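See below for the structure under consideration.
The values are calculated or read from the model by the stated rules, or taken from the named source; none is laboratory data. Everything numeric here is computed off the predicted structure, so don't read it as measured data. Neighbour counts are summed over all protein chains in view; Cβ atoms, including those assigned to glycine, are modelled from backbone coordinates with ideal geometry. When the accessible area is computed, the model is the full protein with side chains, heavy atoms only, and any ligands, DNA or RNA have been set aside. Shrake-Rupley method; radii C 1.70, N 1.55, O 1.52, S 1.80 Å.
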Amino acid sequence: AYLSGTWASARAGAEATRFGRKTVLLGSIATMGAGVAITLAGNVVVVLIGLVSATAGFFGAHAIASGWVGAAAGDGKAQASSAA
């Protein structure tokens, strides 16, 4: 699951330049939510698919949000990202 998150964070950064941060952030959050919902299934394989999807969505959203805080901060970029 962690490998999907690694891929998703890099992909989210690339897609943010193409579609915008907000669109990618909302898409990542939706992916994470869908993945969490899928984990409620009774089949172990389906639960694992949900776990991979939730992880990818979380890592994508985290990458965009962390980058956005630094970009939005005027002064004290390091402090802004550590407080977020």
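Below is a table of values for the structure above.
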| read-out | value |
| --- | --- |
| The chain, relative contact order [Cα under 8 Å, separation at least 6], % | 37 percent |
| Per-selection Kirkwood Rh - the chain (Cα, Å, 1 d.p.) | 13.3 Å |
| Apportionment of accessible area to carbon and sulfur, the chain, percent (1.4 Å) | 69 percent |
| Estimated FRET transfer efficiency (R18, I49; beta-carbon r; R0 30 Å; 0.05) | 0.70 |
| Surrounding net charge for G57, when Lys and Arg each add one and Asp and Glu each subtract one, Cβ distance under 14 Å | 0 |
| Rough spin-label spacing in nm, given labels placed 7 Å along Cα→Cβ, for Y2 and I29 | 2.8 nm |
| Degrees separating the helix 21-38 axis from the principal Cα axis of the chain, which is the longest one | 20 degrees |
| Segment W68-A37, extension gain: residue separation times 0.36 nm, minus the distance between their alpha carbons | 8.5 nm |
| Where the chain is the region considered: accessible area per residue in Å², 1.4 Å probe | 63 Å² |
